[in-house]
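Some notes on the structure that comes next.
The values are calculated or read from the model by the stated rules, or taken from the named source; none is laboratory data. All figures in this text were calculated on a predicted structure; none of them were measured in a lab. Neighbour counts are summed over all protein chains in view; Cβ atoms, including those assigned to glycine, are modelled from backbone coordinates with ideal geometry. Side chains included, ligands, DNA and RNA excluded: accessible areas come from the protein's heavy atoms. Shrake-Rupley method; radii C 1.70, N 1.55, O 1.52, S 1.80 Å.
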Amino acid sequence: MERVIIFDTTLRDGEQSPGFSMNTMEKLEMARQLARLQVDVIEAGFPISSDDDFEATRQVAKQVGTLDNAPAICGLSRVGLGDIDRCWEAVKYAKKPRIHTFVATSDIHLKYKLRKSRAEVLKASVEAVRHARAYCEDVEFSPEDASRSDFDYMCDVLSAVIEAGARTINIPDTVGYAIPKEWGERIARIRSSVQGIDKAVLSVHCHNDLGQAVANSLTAVMSGARQVECTINGIGERAGNASLEEIVMALRTRKDFFGVETRVKTEEIFKASRLLSHITGIHVQPNKAIVGENAFAHEAGIHQDGVLKEKLTYEIMRPEDIGRPSNKLVLGKHSGRHALAARLKDLGFALAGPELDRAYKAFKDLADRKKEVYDEDLMAIVTDEATQTAAGYEIAYLHVISGTGVVPSATIKLKKEDQVFQDSGVGDGPVDAVLAAIDAITGLKGRLQDYSLRAATSGKDAIGEVSMKVDFDGTVVSGKGSSTDVIEASARAYLSALNRLAQPTVQRVKEVGP
Ligand code: KIV
Ligand code: ZN
């Protein structure tokens, strides 16, 4: 059966949209999960856009691109030769490096954005691809705004870049303008009109402005596209990119119809989705296909009755196909380190050494507070630990007074390396009071821009996961924290933001336009 290459751009197109920025450590964590998911290509960043993006791409190439069976690690660059040099410097460490170069081909972009003629853009494209090919074989070219580009001109550019050595031709619907039938026809026409197209893999990259990104990607596959660019949870510019989980599961569930397969290990999908939500603090809506809270929940009596009799009646996929935990009771306070390690391994987290020690301590604390520990709780603990910054403030003691008719107040003791600090604060609620106490210690004044709290599982004793965005004097940092005590979870989230602020990677400059 023919294979469709899954090109994941969560760390590039996904990450560049507001609210989704990640530091190097977070990108690495996500990239490791994408490798476990067995995507074929990870687009790790846009190296020329900032020093941080360069460094994150370089680290992904070094640490994930060198693993056994590693995916290709790709960097994005405009057609400028300096961009390509910088991109290569970042991706060259990977076993399979890829340079992805792009330039707009629509008249709208040529006239208003680039202020270049068609001939100039064609020439720059060819030079860029030649330059990139001098570094590596795996070169991808994208005519930006392809869905609004003059068809014949775009085809001329494509045949010229194939001649210059491009091995993947990616057709972006940059502004999410295409409609499935028309898009499928456009892809089929490209296949039949572009000279030399057989020498390249035909790819699509669809945005979701009209809600058609996944449908457009799938019609492109029906028309012969053999690479799809997509993101976990569908994150990306504006309304997002095509969602990886929807594309992969559609191709798998309807293999009878599409007649193609992917190499993705679907059992890793749920973990990838949760990890991304945890890192970015942005959760998917409950009815999101495949990974939403309700995606496998049958509410109507008639459906429940059918599923109890035979799952096939209403279930076209099984939760276990995407690695969704069954929420079964797993461990209790008497469970040992080995039992925890074994259960985490079943869930796909192979922890050992200090990482396992930290997870075990967090598990014991949780089991002391909560009688029943579910798979979802373990995932919350591990992802929380993975995204906390190693060096920084930790809570040593927290006491909060709050209630009706009482002025909320908090006293907190923080540890940092060998030092202990203590202070207190009051506020208009317990969270406000705790954050005021932390500010009194650090001397910084954070302003909460966004705050969300969700329960990791059902039950009154569930773990609360807090995500927040904090503005520290103009620098906005996100933070996350989990605990069965939502006030403590809030304090942990605030401290994780504060600790990230101290990292140089937070000072991001991401304003490079094409
Ligand atoms: O949407 C777009 O056109 C892009 C290109 C850089 C591929 O992201
Ligand atoms: Zn895009």
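Within the stretch 41-61, the residues that satisfy the criterion of being in a helix (DSSP H, G or I) and either under 17 Å from TYR135 (Cβ atoms) or within 16 Å of ligand 2 (Cβ to nearest atom) (or both) are PRO47, ILE48, SER49, ASP53, PHE54, THR57, ARG58, ALA61.
Taking the conditions (1) under 20 Å from PHE7 (Cα atoms); (2) within 15 Å of ligand 1 (Cβ to nearest atom); (3) assigned to a helix (DSSP H, G or I) in turn, ILE162 satisfies each one other than (2).
Flag: LEU448 does not match the condition of being modelled with pLDDT of 90 or more, part of a loop (DSSP other than H, G, I, E, B) and open to solvent by 30 Å² or more (accessible area, probe 1.4 Å). Pairs meeting the criteria (first residue in the stretch 15-35 and assigned to a helix (DSSP H, G or I), second residue among the hydrophobic types (A, V, I, L, M, F, W, C) and surrounded by fewer than 19 Cβ atoms within 10 Å (Cβ to Cβ), beta carbons under 8 Å, at least 6 apart or on different chains) are ALA35/LEU67; ALA35/ALA70.
Only helices (runs of 4 or more DSSP H) whose full extent lies in the stretch 240-316 are considered here, and the ones with at least 3 residues that are in contact (Cβ under 8 Å) with a residue 40 or more places away in the chain and buried (at least 21 other Cβ atoms within 10 Å of the Cβ) are 244-253, 269-280. Taking the stretch 131-147 as the range and being charged (D, E, K, R) and either crowded, with 24+ Cβ neighbours inside 10 Å or within 14 Å of ligand 1 (Cβ to nearest atom) (or both) as the test, the residues that pass are GLU140, GLU144, ASP145.
Only one of the numbered conditions (1) away from ligand 2 (no atom under 16 Å from the Cβ); (2) open to solvent by 70 Å² or more (accessible area, probe 1.4 Å) is violated by GLY184, and that is (2). From the list VAL194, VAL201, VAL175, VAL221, the lone residue that is within 22 Å of ASP13 (Cβ to Cβ), modelled with pLDDT of 95 or more and open to solvent by less than 30 Å² (accessible area, probe 1.4 Å) is VAL221. Of all the listed residues (LYS265, LYS271), the sole one being under 20 Å from ILE73 (Cα atoms) and more than 16 Å from ligand 1 (Cβ to nearest atom) is LYS265.
The set of residues in the stretch 16-48 being at pLDDT 95 or above and within 13 Å of ligand 1 (Cβ to nearest atom) consists of VAL41, GLU43, GLY45, PHE46, ILE48.
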